[in-house]
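See structure below.
The values are calculated or read from the model by the stated rules, or taken from the named source; none is laboratory data. These numbers were taken from a predicted model, which means no experiment stands behind them. Here the Cβ positions follow ideal geometry from the backbone for every residue, glycine too, while neighbour counts run over all protein chains shown. The area values use the complete protein model at the heavy-atom level, side chains included, leaving out ligands, DNA and RNA. Shrake-Rupley method; radii C 1.70, N 1.55, O 1.52, S 1.80 Å.
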Amino acid sequence: MSRFIDENLRLAREIIARYPKPRSAMIPLLHLAQEQNGYVPQDAMEEVAELVGVSSAEVLGTLSFYEMFKQIQPGRYQVNICHGISCFLCGAGELLSHAEEKLGIKSGGTTPDGMFSLEAVECIAACTEAPALQVNYRYSHRSTSEGFDELVDALAAGDRTDIPEHGILATVRQRIPSERAAGASSPDVSEVPVWLGEG
Amino acid sequence: MAVDHIITKRFNIVDAHTLDGYLASGGYRGLRRALEMVPSDVHEEVKTASLLGRGGAGFPAGVKWGFCPPGVWPRYLVVNGDESEPGTYKDRLLMERDPHQLIEGCLIASYALGLSQCFLYVRGEMAEAQERVAAALNEAYEAGYIGKNICGTDFSVDIVLHWGAGAYIVGEETALLESLEGRRGMPRLKPPAFPASFGLYGKPTIVNNVETLSNLPWIIEHGGAAFAELGGEQSTGTRMFAVSGHVKRPGVYEVEFGVTTFREIIYADEYAGGIAGGRELKCFIPGGASAPWFYEEHLDLPLDKATVDQAGSMLGSGAIVVMDETTDAVAACHNLVRFFARESCGKCTPCREGTAWMEQILSRVLHRQARPDDLDLLLDICDNISPGFAWPPKMTTICPLGPSAVSPVISALGRFKDEFETYIAQSQARPRIPVASG
Ligand SMILES: Cc1cc2nc3c(=O)[nH]c(=O)nc-3n(C[C@H](O)[C@H](O)[C@H](O)COP(=O)(O)O)c2cc1C
Ligand code: SF4
């Protein structure tokens with residue numbers, strides 16, 4: 001039961017239509033599958049393959065290149081602690097050790113109750129706010145041990161409704177109203193753009 | 001002319017990310033101005049501005065735009081919002097705080113060059129930036145700034161928001177295109193595949209950085225000449241620099257490009273305010289993890305592309321990482337090399353194998369399990385990736401990621417060799433195991 005629900009299938013078709021070639025929609029559709037399931041299960045890969053017109057092996061080939069796509073269900077909250085150079089200089093090592101202790105798991109692990117996965121990750125573009133971390137790709141800047149404990153406790157208590165469960169990225173989606181759309185530009189149609197005139 | 005803030009000028013306006021907030025602060029004036037001009041004149045203004053690319057390579061945007069072969073259609077625009085070079089933090093801010101400015105920049109570029117579709121590639125891990133950009137796009141579509149017949153003219157272009165999924169190498173422009181085509185993000189061999197002539201789906205494609213494009217509304221509103229008046233000779237306008245690491249006030253500062261010195265941006269009170277805890281400077285990285293390190297003697301150099309290039313490093317993506325005297329050079333070097341080893345896409349041997357070997361050797365040194373000849377081996381591997389350690393590197397690889405891993409090693413070994421030697425002297429002899437096993 002991890003094929004797209006109707007609403008997502010409609011959305012998937014809408015996304016595909018935005019691109020000149022369906023295959024370009026592969027990563028967006030994998031995000032959609034991960035949003036629906038929390039990870040990308042095998043039958044979702046097969047469905048994405050059908051939708052964009054490639055083999056499921058090709059989908060796996062692409063998916064496996066990208067760190068964010070999970071093939072097994074991670075914790076409800078994916079805690080990523082940055083260990084890039086700026087965070088490293090500002091105490092990321094200590095923060096990571098503290099996180100491992102607090103959650104009782106090593107980097108790469110998931111708590112037995114399925115609530116938290118922990119990982120040390122490369123630079124997340126918050127270098128002036130070191131040490132930084134993300135929970136389900138939502139930032140926490142200038143993190144301290146105490147701040148980390150509060151965050152984890154609040155998540156465990158269900159008090160952080162601003163952080164959606166793993167799989168859901170942006171909660172605002174692009175909508176292109178059909179009457180406003182200029183339309184995808186096919187690489188196979190060679191036309192001088194009208195505003196260039198004879199150009 | 002005293003203009004300090006061009007692209008961050010709305011960062012203090014709370015609702016600048018909304019269409020109302022943007023319009024109330026002069027938004028979309030550049031686009032309206034452009035639409036009154038002949039497209040080729042818009043391109044000319046950008047050439048006059050001599051706007052250098054802000055993504056890393058620092059290539060003049062107006063010149064790159066000129067590389068689209070005439071008569072080949074369609075042409076695409078791909079916005080590089082993959083920001084992942086360690087130390088770099090500016091594009092995310094621009095997308096979160098002023099997404100309409102970026103959108104307006106995309107529209108101006110598309111109008112000027114006849115680009116018929118734009119793909120805005122935002123790094124996968126940046127959920128909030130994706131939300132802000134999506135909301136801005138939705139508003140701009142509704143208000144007639146994007147899509148069919150923009151502002152009632154015959155100019156039409158769609159901007160499609162696309163999210164990445166976690167891979168540093170996708171920031172390299174040809175890997176970005178592969179990714180956008182639904183493939184593994186592996187760079188293409190160039191030449192012949194320079195995106196301006198052979199890009200997305202084999203068609204002419206302009207790839208520009210978020211910050212580069214965010215400058216366009218100001219340039220068109222005020223003119224390329226006004227932009228060129230700011231900053232230095234070649235490094236014109238202003239530029240965002242993230243100053244991170246051991247400073248009192250880490251932050252992202254927009255300063256006149258080519259004028260402000262490293263000493264000012266690191267030490268002045270209005271910028272990073274000096275080394276934290278009153279300690280001494282050990283070294284700093286002037287332009288992101290890929291850049292060779294600078295030291296005390298480089299502090300008075302201006303943040304100017306040509307000057308920094310000549311001094312043997314680069315301004316790269318505007319990322320200044322400061323390390324104080326307590327920093328362990330071996331550990332810092334290992335940290336940077338580990339990044340490149342993990343992010344190597346694996347397409348070419350010197351990088352795939354070499355960076356992994358380098359990481360293992362440095363890890364051995366750091367754990368005091370080094371072998372006496374480890375530093376020679378390390379240098380030998382570096383020489384295979386980047387022959388002669390020249391700057392800019394001579395490449396044996398398809399893209400610059402491989403040689404980037406060599407920068408921290410040559411820097412750290414060149415200046416702080418004694419620290420490596422101390423680790424090695426303290427190392428226990430271990431039975432020999434081939435480095436590439438496991
Ligand atoms: C390994 C690697 C990673 C890169 N990452 C980025 C990036 O995250 N963002 C970016 O704009 N440019 C990045 N670049 C530079 C791009 O290849 C390209 O030069 C740039 O996007 C062009 O835009 P600009 O001319 O406006 O700077 C990277 C280059 C390399 C070799
Ligand atoms: S240098 Fe490294 S990252 Fe670049 S193409 Fe080769 S293997 Fe991939």
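Observations on the structure shown:
- Comparison of B:312, B:287 shows that the only residue that is under 17 Å from residue B:257 (Cα atoms), within 19 Å of the chain's Cα centre (by Cα) and not in a helix (DSSP H, G or I) is B:287.
Listed here are the residues, each with its yes/no results for (1) in contact with a Pro (Cβ under 7 Å, 6 or more places away or on another chain); (2) within 16 Å of ligand 2 (Cβ to nearest atom); (3) closer than 15 Å to residue B:410 by Cα; (4) open to solvent by less than 10 Å² (accessible area, probe 1.4 Å).
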residue	(1), (2), (3), (4)
B:306	no, no, no, no
B:328	no, no, no, no
B:333	yes, no, yes, yes
B:336	yes, yes, yes, yes
B:354	no, yes, yes, yes
B:366	no, no, no, no
B:374	no, no, yes, yes
B:382	no, yes, yes, yes
B:398	yes, yes, no, no
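- Residue B:321 vs. criteria β-branched (Val, Ile, Thr), in contact with a helix residue (DSSP H, G or I) (Cβ under 6 Å, 6 or more places away or on another chain) and away from ligand 2 (no atom under 16 Å from the Cβ): yes
- Each residue in region B:160-190 was checked for being more than 21 Å from the chain's Cα centre (by Cα) and either open to solvent by less than 10 Å² (accessible area, probe 1.4 Å) or within 10 Å of ligand 1 (Cβ to nearest atom) (or both), and 2 pass.
- In region B:285-300, the residues that are of a type in the set (A, V, I, L, M, F, W, C), within 17 Å of residue B:389 (Cβ to Cβ) and either away from every other protein chain (no Cβ under 13 Å) or open to solvent by 20 Å² or more (accessible area, probe 1.4 Å) (or both): B:294
- Lone unmet requirement of (1) open to solvent by less than 40 Å² (accessible area, probe 1.4 Å); (2) out of contact with any strand residue (DSSP E or B) (no Cβ under 9 Å at 6 or more places or on another chain) for residue A:150: (1)
- Which listed residue is touching a helix residue (DSSP H, G or I) at 6+ places or on another chain (Cβ under 7 Å) and at pLDDT 95 or above, from B:92, B:97: B:92
- Options B:229, B:221, B:233, B:264: the member that is closer than 23 Å to residue B:289 by Cα and either touching a residue at least 60 places away in the same chain (Cβ under 8 Å) or open to solvent by 30 Å² or more (accessible area, probe 1.4 Å) (or both): B:264
- Matching residues, region A:165-183, being touching a residue at least 12 places away in the same chain (Cβ under 8 Å), within 24 Å of residue B:137 (Cβ to Cβ) and crowded, with 18+ Cβ neighbours inside 10 Å: A:167, A:169, A:176
- Tallying residues that are assigned to a helix (DSSP H, G or I) and either within 13 Å of another protein chain (Cβ to nearest Cβ) or in contact with a Cys (Cβ under 8 Å, 6 or more places away or on another chain) (or both) within region B:61-108 yields 11.
- Options B:347, B:305: the member that is more than 14 Å from every other protein chain (Cβ to nearest Cβ) and closer than 26 Å to residue B:188 by Cβ: B:305
- Taking the numbered list (1) away from ligand 2 (no atom under 16 Å from the Cβ); (2) under 23 Å from the mean Cα position of the chain (by Cα); (3) open to solvent by 20 Å² or more (accessible area, probe 1.4 Å) in turn, residue B:142 passes all entries but (2).
- Of residues in region B:191-203 being touching a helix residue (DSSP H, G or I) at 6+ places or on another chain (Cβ under 9 Å) and more than 10 Å from ligand 1 (Cβ to nearest atom), the one nearest to residue B:124 (Cα to Cα): B:200
- The single condition from (1) away from chain A (no Cβ under 13 Å); (2) surrounded by fewer than 23 Cβ atoms within 10 Å (Cβ to Cβ); (3) not hydroxyl-bearing (Ser, Thr, Tyr) that residue B:208 fails is (2).
- Filtered by the rule that a residue be assigned to a loop (DSSP other than H, G, I, E, B), surrounded by fewer than 17 Cβ atoms within 10 Å (Cβ to Cβ) and among the basic types (Lys, Arg), region A:1-33 gives a lone residue, A:3.
- Residue A:66 away from every other protein chain (no Cβ under 11 Å), surrounded by fewer than 24 Cβ atoms within 10 Å (Cβ to Cβ) and aromatic (Phe, Trp, Tyr): no
- Region A:107-120 - residue that is crowded, with 17+ Cβ neighbours inside 10 Å and farther than 20 Å from residue A:164 by Cα and, of those, nearest to the chain's Cα centre (by Cα): A:120
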